[in-house]
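Here the structure comes first, spelled out in structure tokens, and everything after it is commentary.
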């Protein structure tokens, strides 16, 4: 397979001179593209070669994306520009030195969406399906299907914003668990649930009232905490591009049993202590645990035969950690200069 990459690199060098940016993207990075097909074949590679092959393939993909971007920008700059803007005041058209530099304002996706695509790509290569969450839901999916009976005091933690029609803005992407269990049944069920969440709480440097969350569930026969630990650790190491130590400590969530807080060693200071980890050497990253039998039953899954785990992690927090952002609110301030600096 390493030899196959070398052959593709040689072909790519020729195509860079012959094909347009769009043609390169279609040939190599589309749904059926050359590099996309290579990623799909990672599962068939010998375990001893898988890490090296994956690193080389990721490097090739990044280099190609950069070259396509450069080629596209060159094509834009070479096109003749319209000299007159019919929507602008007369003096703007008559004095070229005062015309706004439109091409300086290059469009791009938001850093949160860029990182979300990276994470979802990791999970797809791990064999997970993707199901997007909703931004408005009902009481059953927000609470009852997740083992929050009416009157349960734990509801107060997630009680957010309600409409006059008795619909709620979801406080977590766990609202999709019941739908996912029924949609992808029978097990094995492997699905990731990204979406926007809302919390009725004060904001500070590490908390926001609106944020993105990525939920994950895995259900099959004989699934254990060991499977959960390995799965979460693997995707975090791939995303943060470093080896991590992990700890698991007790927590409380009505929809899991046992309930666990997943803690990772700080990837920036190697546990020596820094501002990112509050000088503790560790970062409390997400809640997780084995799916409660009542939640499985609600989703039509027999808990006597199947078990599974679930986790939910804030995308904003992951992005802040990876990109070294010290105030999570900056991601939503709309500050163009800050976003460009990322």
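Residue pairs whose Cβ atoms lie under 9 Å apart, separated by 6 or more positions or on different chains, with the first residue in segment 181-209 and farther than 13 Å from residue 316 by Cα and assigned by TED's automatic domain parsing to the domain that holds residue 219 and the second part of a strand (DSSP E or B) and modelled with pLDDT under 80, are 199/207; 201/207. Residues in segment 221-236 that are in a helix (DSSP H, G or I) and surrounded by fewer than 16 Cβ atoms within 10 Å (Cβ to Cβ): 225, 226, 230, 234. Could you tell me whether segment 299-321 includes any residue that is closer than 26 Å to residue 203 by Cβ, exposed (fewer than 15 other Cβ atoms within 10 Å of the Cβ) and modelled with pLDDT of 85 or more? Scanning segment 299-321, I find no residue that is closer than 26 Å to residue 203 by Cβ, exposed (fewer than 15 other Cβ atoms within 10 Å of the Cβ) and modelled with pLDDT of 85 or more, so the answer is no.
Taking residue 228 as the residue in question, decide whether it is touching a strand residue (DSSP E or B) at 6+ places or on another chain (Cβ under 7 Å) and farther than 25 Å from residue 331 by Cα. Yes, satisfied. On the given criteria, is residue 40 modelled with pLDDT of 55 or more and assigned to a helix (DSSP H, G or I)? Yes; evaluated as a whole, the condition is true for this residue. Residues satisfying the criterion are present in segment 82-93 (criterion: surrounded by 10 or more Cβ atoms within 10 Å (Cβ to Cβ), part of a helix (DSSP H, G or I) and either modelled with pLDDT under 80 or not assigned by TED's automatic domain parsing to the domain that holds residue 332 (or both)).
Would you confirm whether or not segment 302-314 contains a residue that is in contact with a strand residue (DSSP E or B) (Cβ under 6 Å, 6 or more places away or on another chain), assigned to a helix (DSSP H, G or I) and touching a residue at least 40 places away in the same chain (Cβ under 8 Å)? Within segment 302-314 (the criterion being in contact with a strand residue (DSSP E or B) (Cβ under 6 Å, 6 or more places away or on another chain), assigned to a helix (DSSP H, G or I) and touching a residue at least 40 places away in the same chain (Cβ under 8 Å)), the answer is no, since none of the residues qualifies.
Picking from 178, 166, which residue would you name as being under 27 Å from residue 135 (Cα atoms), outside any helix (DSSP H, G or I) and out of contact with any strand residue (DSSP E or B) (no Cβ under 6 Å at 6 or more places or on another chain)?
166
In segment 233-242, is there at least one residue being in contact with a strand residue (DSSP E or B) (Cβ under 8 Å, 6 or more places away or on another chain) and under 16 Å from residue 311 (Cα atoms)? Within segment 233-242 (the criterion being in contact with a strand residue (DSSP E or B) (Cβ under 8 Å, 6 or more places away or on another chain) and under 16 Å from residue 311 (Cα atoms)), the answer is yes, since at least one residue qualifies.
The values are calculated or read from the model by the stated rules, or taken from the named source; none is laboratory data. Bear in mind that the values here come from a model prediction, so they are computed numbers and not experimental data. As a convention, Cβ positions derive from the backbone with ideal geometry for all residues, glycine included, and neighbour counts pool all protein chains shown.
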